[in-house]
Amino acid sequence: MSTIDSSEKKVMMITFAVLALFVFSILYGRSKYNDAPECIPFDKAYTEPKVVQLDEKTFQVFAVASMWSFHPSQIYIPVGSEVDFYLSSKDVLHGFNIAEKNVNLMAVYGNINKSTVKFDKPGVYKITCHEYCGVGHQNMQAEVIVNNPIAKN
Ligand code: CUA
């Protein structure tokens, strides 16, 4: 018959408590930050720049970064739209930052990063590269034009 020493029991209890806290914090973090960027499996179809309209206010933007521009460079959407950005790079590492929307992605060759953004207010939202990528870095930008009078769609 085996007996467990009381100090051993204590250690086991503490270990269990720490483990439980760890698991809890992971689950909590997941539910709280569920809009964190996702990395999705690479597919060549995502490397063709385009804007796809799924319904009246739902869009997919396949954004491709390359030295030193983003394509598409102007994205026209109606106010209240929800946009899934699928981001890839044709060459080096680029950034993809929409400061007003707290979007902060990395454009990585051979990778797709995704973020979903809702545009509730009209305006012009600048997309900037915030990862140094060479001499043209500071000019590398694009824009999301929400409810602009000259909107094409
Ligand atoms: Cu692209 Cu900096």
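The values are calculated or read from the model by the stated rules, or taken from the named source; none is laboratory data. Just so we're clear, the structure is a prediction, and the values are computed from it rather than from any experiment. Ideal geometry is used to build each Cβ from the backbone, glycine not excepted, and the neighbour counts take in all protein chains shown. Please note that ligands, DNA and RNA were not included when accessible areas were found on the heavy atoms of the full protein model with its side chains. Shrake-Rupley method; radii C 1.70, N 1.55, O 1.52, S 1.80 Å.
Below, the figures for the structure above:
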quantity	calculated
Debye, to nearest 20: dipole size of the chain, +1 on Lys, Arg Cβ, -1 on Asp, Glu Cβ	140 debye
Tilt relative to the chain, helix 6-32 - C-alpha long axis, 0 to 90 degrees, to 10	10 degrees
Listed residues Leu27, Leu105, Leu93, most fluctuating in the chain (Gaussian network, C-alpha, under 10 Å)	Leu27
Extension gain, Asn139 back to Asp5 (0.36 nm per residue minus Cα-Cα distance, nm)	41.5 nm
Average accessible area per residue (Å²) across the chain - probe 1.4 Å, nucleic acids and ligands excluded	64 Å²
Pairs beyond 27 Å (Cα-Cα), from Lys57/Lys101; Lys90/Lys126; Lys44/Lys121	Lys44/Lys121
The chain, helix-only ellipticity at 222 nm - DSSP H runs n ≥ 4, -39,500 (n - 2.57), divided by all residues, nearest 500	-6500 deg cm²/dmol
Within the accessible area of the chain (1.4 Å probe), percent carbon and sulfur	58 percent
